[in-house]
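All remarks here apply to the structure that follows.
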Amino acid sequence: MQPFFTATHAEIRADLHHAQACNPVTMDTIRLDIWLWAARFYRTRSLAKQAVEAGKVDVGGQRAKASRSVRAGDALRIVRGEEIFEVEVVAIGEQRGPATVARTMYAESETSRAAREARLADLRAARAGYQPPQGKPDKRARRLIRTLGDIDAS
């Protein structure tokens, strides 16, 4: 009896690679969550998907799904922690590469960059006044903390 499938895994990969190389159609769209991951806005694709589902990513001013197709020229608004990015998709890539390559996949508007840097400067300035303690409090400091904690109880 002749086996149904006789090609090896290496032969299949070679045929697939040849078919992709000979295909004149270029990729012009990609899933939103994959693009966010490849452009290094999120560490994993699942984090990108969760952010999209939570409404932290808008495409063209509208809430989007993770499976929405993104193409060059789309305007995105991405909220990541304290940062808000307003970017335009410049290139499509489905491979995650170095940060220098990822920065070429989008163009951030100057107003967005200035607002983001101003917000980060304000957060740094607010944090600059706080000095964390160098070590554990001593006996006198513990008593003071305990008495200050009792103020709310009365």
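Computed from the coordinates by the stated procedures, all read-outs in this text should not be read as laboratory data. From a predicted model like this one, the values you see are computed outputs, not experimental measurements. FYI the Cβ positions are ideal-geometry reconstructions off the backbone, even for glycines, and counts take in every protein chain you see.
For region 70-154, report the % of Cα-Cα distances exceeding 14 Å. Within region 70-154, distances greater than 14 Å cover 77 percent of Cα pairs. Label-to-label distance for Glu88 and Leu47 is 2.8 nm, based on points extended 7 Å past Cα in the beta-carbon direction. A full extension of the chain between Asp28 and Ala121 corresponds to an added length of 29.7 nm, given 0.36 nm per residue minus the alpha carbon distance.
Along its first, second and third principal axes, ordered by size, region 27-128 spans 46, 27, 24 Å in Cα coordinates.
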